[in-house]
1. Is segment 28-111 rounded, prolate or oblate when judged by the Cα gyration tensor, a ≥ b ≥ c being the square roots of its eigenvalues, rounded requiring a/c under 1.5 and prolate requiring a/b larger than b/c?
2. Given the rule -39500 (n - 2.57) for each run of at least 4 DSSP H residues, summed and divided by the residues of the chain, what is its mean residue ellipticity at 222 nm, to the nearest 500 deg cm²/dmol?
3. Would you please give the FRET efficiency between V294 and N72, computed as 1/(1 + (r/R0)^6) with r the Cβ-Cβ distance and R0 = 35 Å, to the nearest 0.05?
4. Exactly which trypsin sites (Lys or Arg not before Pro) in segment 182-281 are in a DSSP loop and have at most 16 other Cβ atoms within 10 Å?
5. Suppose all protein chains stay in the model; what accessible area per residue would a 1.4 Å probe give for the chain, in Å²?
6. Run the accessible area of segment 30-77 with a 1.4 Å probe and give the carbon-and-sulfur part as a rounded percent.
7. Given a cut-off of under 8 Å on Cα pairs at least six residues apart, what relative contact order in percent is computed for segment 39-163?
8. With the cut-off at 1.5 for a/c, could you classify segment 114-187 from its C-alpha gyration tensor as rounded, prolate or oblate?
Amino acid sequence: MEKVTLPFAADMNLHPVVIAFFDEPTNTFSYIVKDPESEACAVVDSVMEIDYASGRTDLSGADKIIEYIRDNGWRLEWIIETHVHADHLSAAPYIQEKLGGKLGIGDQITLVQETFAKVFNEGTDFARDGSQFDRLFADGDTYTIGSMTAFALHTPGHTPACMTHVIGDASFVGDTLFMPDGGTARADFPGGDAKTLYRSIGRVLSLPDDMRLFMCHDYLPNGRPAAWETTVGDERAANIHVREGIGEQEFVSMRQARDATLGMPKLILPSLQVNMRAGHLPPPEDNGQVFLKVPLNTLS
């Protein structure tokens, strides 16, 4: 896989502090990313759990992140979503209510909102312009966390809105890549595309070889313990789906064949309804109760 030119140069002399939190029920990693020169920090890909059978939500994981930030006297400046997750609900509004900060996601969220507003038959009151978020990032956009400059790198393929966030020598790749023994994200959701995913991975793997990559998920292949950090060099050398020598067509054929065998994530329906709203639940109905929809025979 040839390296390509990116819209920014990574600052490999900047080493943000990264603290990982693992949500075992959804195999999801959330992160606190702290500026080493100040008390400023960001949270990436937070989780609100839901027991789908009972309809009960749980914010205990988000409370651990909030407690960690408060106990250390840090200041939350950003809450980042790498994409609209289909396998867990975001806790972003809850964390924002408790600690402040701005909520950001890729600007192609509007495509995701338009697609799934139709799936869930949302009315005209549901905005499809991304206005539920404080900032929509375009490719190459920057933002600051204390003294650190963070870069947004558009990496679609899993979803249209996927962004990799590059902060010094640390990059948060969302679902685009897994650990080398886990491979890559699926590309068969509405708006996904295996060829686009391959080219997006090429962008990530064009970062310096020593760049730290932080995963959003790990599914513990072969029963090993959970792992969340690797490097560009390790992915290029050993990723089972996109290591050196695997071309685009070979990857696309593999990804399409593999995706055809996969069932839908068990939390895709509640996740999409909540996450396209920036983590907010749908508005209550006339009895004051909040409901999530189950559209029948729609997703396959």
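The values are calculated or read from the model by the stated rules, or taken from the named source; none is laboratory data. Bear in mind the structure is a predicted one, so any value in this text is a computation, not a measurement. All Cβ positions, glycine included, derive from the backbone under ideal geometry; neighbour counts span all protein chains shown. Calculation scope for accessible area: heavy atoms of the full protein, side chains included, ligands and nucleic acids excluded. Shrake-Rupley method; radii C 1.70, N 1.55, O 1.52, S 1.80 Å.
1. Details: a/c = 2.35, a/b = 1.32, b/c = 1.78.
Since a/c reaches 1.5 but b/c is at least a/b, the shape of segment 28-111 is classed as oblate.
2. On the way: 7 runs with 69 residues, N = 300.
Result for the chain, helices only: -6500 deg cm²/dmol.
3. Working: r = 41 Å, r/R0 = 1.17.
Here the calculated transfer efficiency is 0.30.
4. Numbers: sites: R186, K195, R199, R203, R212, R236, R243, R255, R258, K266, R277; in loops: R186, R243, K266, R277.
In loop regions of segment 182-281 (DSSP not H, G, I, E or B), the sparsely surrounded trypsin sites (Lys or Arg not before Pro) are R243, K266.
5. Numbers: 12920 Å² over 300 residues.
Per-residue accessible area for the chain comes out at 43 Å².
6. Values: 950 of 2290 Å².
Exposed carbon and sulfur together represent 41 percent of the surface.
7. Numbers: 206 pairs, mean separation 31.2, N = 125.
Answer for segment 39-163 is 25 percent.
8. Working: a/c = 3.25, a/b = 1.32, b/c = 2.46.
It comes out oblate by the Cα gyration axes.
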